[in-house]
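Peer 1: Starting off with a structure, shown below.
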Amino acid sequence: MSMKTNRIRRHLSLFGAIAMAAQILSTIVATPAYAAGNLTLASMRLDRMAVSTVNPNTLVVVKPTSTATEAKLMITFDAAMTVASGAGALTTSVTGLPANFNGTTLTAWPTIGATATAAGQSVTFTSGDLTVGSQYGFFLTAGVTLPAAAGTYTNIITTQDSVPTTIDTAKVAVRVLANVSSNPGDQVVVTATVPPTFNFALSGVADAFTTDLSSAGTVSTTGITATVTSNASHGWVAWAKDLNNSGGKGALKSATSGNYVIAGASAVGSAARTLTSATEDYGLAVALTTDAAGGGTVVIDAAYNSTASTKIGTLDPTTLEPIASANGTANGDVITLQERATISGVTPAATDYTDTITVIGAGLF
Amino acid sequence: MQNILAIFSVLLIAALPSTANYKLNNFSLGNGGTNTAGTANYKLNATVGEQSGPNASTVNYSFGSGGNATQQANVPTVTLDNPSSYYNKLHFVIGVQGNPTDAVYAVAISSDNFVTTNYVKSDGTVGGTLAATDFRTYAGFGSAAGSLVIGLQPSVSYKVKAKAARGKFTESAFGPTSTAATVDPYLTFSLSPNTLSIGTLVAGSVINAPTPIALTFATNGASGGNVYSSGLNAGLKSQTTPFYKISAVNGDLTATSEGYGAQLTSVSQATGGPLSKVTPFDATGNNVAAIDGTIRSMLSSTGPVTGGVGSLLLMAKSAAQTPAATDYTETLTIIASASF
């Protein structure tokens, strides 16, 4: 046998060894056609599915099939996903797990590693033993960025023993959605409009004094209510102005008595005052009847606040004066307006003392 | 002279019956078979006086000669397919080829053209050995509806072949192969539109969004999947002072002064599933389900689904004192997952 023939045989032998080694290696590395055990269930729920989402809070769920003792969990992410490479960059949590998943009780993954460091697209967490028949989950809270392109991506979840040898495995598809007109593809921005409303209603347009005016004491009208309903977020204001002008003060006037007036005794804008018997005085008293719940707080203007049955404020015949307000919406706020008067012993008798008060309101939107 | 007679006698025996076209190669008055030759696991079905060859065959057919061949079951066929985008199993149907109903069949499977042969076990999984219990009748393999081989890997092409038997010494050869492939697991999902104006609310009235949110969902996940929703503000929230919110509520909007929610008005699928509404999103009338900060399932399926469609209708009601604003906004996040 020649030396050349021996060299050829040695080369063939070496080639055969390499080929055999390659075959063994490929058997180890390649995904087997028949898994040691397909996970009974495997799922990955991304809390955000939009492209390029950074650190989607991902609920990882499995139901083991095999009874071997798990010690590790390996997740191999799709090549299109960006897996953080820093030490301990992938983090987990079992806080806030839903009570069940897919209709089955979800148990916190036992002793899942709090952090792990990726090796390429794969990351291996430490794991406690899983019991066949139970469903386990945890949140993968950081370390993964979704691809920039929409589509279906496949990750592989593999449970391992301490060697590590594969126990159960499964491929899991997740979907990534494209943005739509710059809006994330997994979101809907919902809008609505609530139009402004303002309703202001007086209970009547005539308000007579309950008795004849008297020098012996204060007499009041029955009263008119003003009801305010409004969605003005900053509230509302009510104003009043009367018709009869007596030196810049509102007044009751009798045409049959030569236009005699019973005018307010104090200047407009003064604090509400108590009427004095046997002294001519006239004015408006405003009381809070209802401060409806759920809205703003109603405040009666100090000049007209009728905290007692004898107080009034002088009406302004030239300018609308605020009588009450609220600082928020109103769902039926009610104020009551009464006119009160006292007369002296010489006030001319007449049956036509009258005044006209204009009451208005507006919302503050 | 004795030698001459002996040669003549041999020639007489060697002169077998024949015509111009046919010749009987062998005939006998019976064989010497025995049922006692064997071990605990194997028995010998032996004959004496019959030839066993030659093996006549083509690519598709082979001729088995001798007594054993005549008592073998007919060679069955098997058809392998993937009718529902399976990723971990395949469907097959045995072709009995005239075998009686009590014939039993075994199915071999391979992902490498039978360089390595595995077998469909009695529970549908794949194993490296073929046990007597792995032989099943045609009915045991699901009759015409067929059966599933499970525990396969996604995106792998498999070949199967079957053989039949009916009692001892009747096992046929494997029949022709049939090929099918698993696919990768998939999940498709979409929602539209991504912006939606409910419009102008009227105090005291339940207002429906002008269009529902269309959801599409499909998966080949063996355990189905879910569509979930959550809301950033847990209601429609004005983005201006005083940042008032029309809160997300569960229940009848008719009976509440103010609220906001959703209901699934319809759900359907092309195949599989079914895709079902999850309570309280199955509400009707003016009843709604709250969409708040918790991720909640709206649609669910326990099996694979194709062509799943759902319509999510948003409804809102304002009260008289609901602050006026043109910027009530909620951001819904709607996601889906599948279980494989």
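The values are calculated or read from the model by the stated rules, or taken from the named source; none is laboratory data. Since this is a predicted model, take the numbers as computed values, not measurements. When we count neighbours, we look across all protein chains shown, and the Cβ atoms used for this are built from the backbone with ideal geometry, even at glycine.
Peer 1: So, in region B:89-116, how many residues would count as being in contact with a Pro (Cβ under 7 Å, 6 or more places away or on another chain) and either of a type outside the set (Ser, Thr, Tyr) or more than 15 Å from residue B:140 (Cβ to Cβ) (or both)?
Peer 2: Looking only at that region, the number is 6.
Peer 1: Just give me the residues in region B:300-312 being more than 30 Å from residue A:195 (Cα to Cα) and either of a type outside the set (A, V, I, L, M) or within 12 Å of chain A (Cβ to nearest Cβ) (or both), in sequence order.
Peer 2: Across region B:300-312, the qualifying residues are B:300, B:301, B:302, B:303, B:304, B:306, B:307, B:308, B:310.
Peer 1: Further question on the same structure: Within region A:222-230, does at least one residue satisfy the condition of being more than 30 Å from residue B:246 (Cα to Cα), of a type in the set (Gly, Ala, Ser) and at pLDDT 95 or above?
Peer 2: Yes, the conditions are met somewhere in region A:222-230.
Peer 1: For region B:152-171, how many residues are under 14 Å from residue B:136 (Cβ atoms), surrounded by fewer than 21 Cβ atoms within 10 Å (Cβ to Cβ) and not charged (D, E, K, R)?
Peer 2: 1
Peer 1: With A:82, A:154, A:117, A:166 as the choices, which residue is polar (S, T, N, Q) and free of Cβ contacts under 8 Å to residues at least 60 places away in the same chain?
Peer 2: Selected residue: A:117, the only one of A:82, A:154, A:117, A:166 that is polar (S, T, N, Q) and free of Cβ contacts under 8 Å to residues at least 60 places away in the same chain.
Peer 1: Here is a further query. Within region A:309-325, is there a residue that is closer than 28 Å to residue B:257 by Cα, in contact with a Ser or Thr (Cβ under 9 Å, 6 or more places away or on another chain) and modelled with pLDDT under 95?
Peer 2: Taking every residue of region A:309-325 in turn, none turns out to be closer than 28 Å to residue B:257 by Cα, in contact with a Ser or Thr (Cβ under 9 Å, 6 or more places away or on another chain) and modelled with pLDDT under 95.
Peer 1: Which one is farthest from the other protein chains (Cβ to nearest Cβ), of the residues in region A:172-184 that are in contact (Cβ under 8 Å) with a residue 40 or more places away in the chain and surrounded by 23 or more Cβ atoms within 10 Å (Cβ to Cβ)?
Peer 2: A:176
Peer 1: I would also like to ask the following. Failed condition for residue B:257, given (1) at the interface with chain A (Cβ under 9 Å from one of its Cβ atoms); (2) assigned to a strand (DSSP E or B); (3) surrounded by 15 or more Cβ atoms within 10 Å (Cβ to Cβ), with all others met?
Peer 2: (2)
Peer 1: Also, quick follow-up: Out of all the residues in region A:172-200, which are part of a strand (DSSP E or B) and more than 30 Å from residue A:146 (Cα to Cα)?
Peer 2: A:192, A:193, A:194, A:198, A:199, A:200
Peer 1: On to the next question. When region B:270-286 is examined, which residues are found to be touching an Asp or Glu at 6+ places or on another chain (Cβ under 9 Å) and under 25 Å from residue A:187 (Cβ atoms)?
Peer 2: Within region B:270-286, B:276, B:283 meet the criteria.
Peer 1: Still on this structure: State all residues of region A:270-304 that are within 14 Å of chain B (Cβ to nearest Cβ), crowded, with 23+ Cβ neighbours inside 10 Å and modelled with pLDDT of 95 or more; if no residue qualifies, say none.
Peer 2: A:298, the sole residue that qualifies.
Peer 1: A further question on this structure: Just checking, does region B:218-227 include any residue being within 21 Å of residue B:329 (Cα to Cα) and in a strand (DSSP E or B)?
Peer 2: No, region B:218-227 contains no residue that is within 21 Å of residue B:329 (Cα to Cα) and in a strand (DSSP E or B).
Peer 1: Mind checking whether some residue in region A:89-100 is under 17 Å from residue B:340 (Cα atoms) and either small (Gly, Ala, Ser) or part of a strand (DSSP E or B) (or both)?
Peer 2: Yes, region A:89-100 contains at least one residue that is under 17 Å from residue B:340 (Cα atoms) and either small (Gly, Ala, Ser) or part of a strand (DSSP E or B) (or both).
Peer 1: May I ask you to list pairs of residues, at least six apart or on different chains, whose Cβ atoms are under 6 Å apart, with the first in region B:313-340 being farther than 30 Å from residue A:48 by Cα and at the interface with chain A (Cβ under 7 Å from one of its Cβ atoms) and the second being in a strand (DSSP E or B) and of a type in the set (Ser, Thr, Tyr)?
Peer 2: What qualifies is B:320/A:229.
Peer 1: On the given criteria, is residue A:292 part of a strand (DSSP E or B) and either of a type in the set (A, V, I, L, M, F, W, C) or within 19 Å of residue A:221 (Cβ to Cβ) (or both)?
Peer 2: No.
Peer 1: I've got another one for you. Looking at A:111, A:131, which is the one that is part of a loop (DSSP other than H, G, I, E, B) and in contact with a Gly (Cβ under 7 Å, 6 or more places away or on another chain)?
Peer 2: Answer to the check: A:111.
Peer 1: I would also like to ask the following. Restricting to region B:284-333, give me the number of residues that are outside any strand (DSSP E or B) and closer than 15 Å to residue B:264 by Cα.
Peer 2: Number satisfying all stated conditions: 5.
Peer 1: Right, next: Checking residue B:281 against (1) assigned to a strand (DSSP E or B); (2) closer than 24 Å to residue B:221 by Cα, only one condition comes out false. Which one?
Peer 2: Exception for residue B:281: condition (1).
Peer 1: Now a separate question. Can you name the condition, by its number, that residue A:160 falls short on among (1) surrounded by fewer than 19 Cβ atoms within 10 Å (Cβ to Cβ); (2) in contact (Cβ under 8 Å) with a residue 60 or more places away in the chain?
Peer 2: Here residue A:160 meets the rest and fails (1).
Peer 1: Could you check, for region A:199-213, whether at least one of its residues is farther than 27 Å from residue A:334 by Cα and surrounded by fewer than 20 Cβ atoms within 10 Å (Cβ to Cβ)?
Peer 2: Yes, region A:199-213 contains a residue that is farther than 27 Å from residue A:334 by Cα and surrounded by fewer than 20 Cβ atoms within 10 Å (Cβ to Cβ).
Peer 1: A further question on this structure: Tell me, please, whether a residue that is in contact with a Lys or Arg (Cβ under 9 Å, 6 or more places away or on another chain), within 30 Å of residue B:314 (Cβ to Cβ) and among the hydrophobic types (A, V, I, L, M, F, W, C) can be found in region B:187-196.
Peer 2: Checked against the condition, which is being in contact with a Lys or Arg (Cβ under 9 Å, 6 or more places away or on another chain), within 30 Å of residue B:314 (Cβ to Cβ) and among the hydrophobic types (A, V, I, L, M, F, W, C), region B:187-196 yields at least one hit.
Peer 1: Counting just the residues of region B:96-134 that are among the hydroxyl-bearing types (Ser, Thr, Tyr) and either in contact (Cβ under 8 Å) with a residue 40 or more places away in the chain or within 11 Å of chain A (Cβ to nearest Cβ) (or both), which one comes out nearest to residue B:145 (Cα to Cα)?
Peer 2: Among those residues, the one meeting the criterion is B:105.
Peer 1: Another question about this same structure. For residue B:246, are the conditions met, namely being in a strand (DSSP E or B) and closer than 15 Å to residue B:212 by Cβ?
Peer 2: Taking the combined requirement at face value, the residue does not satisfy it.
Peer 1: Working only within region B:166-221, note down all residues that are in contact with a Phe, Trp or Tyr (Cβ under 6 Å, 6 or more places away or on another chain) and more than 7 Å from chain A (Cβ to nearest Cβ).
Peer 2: Correct list: B:182, B:183, B:217, B:220, B:221.
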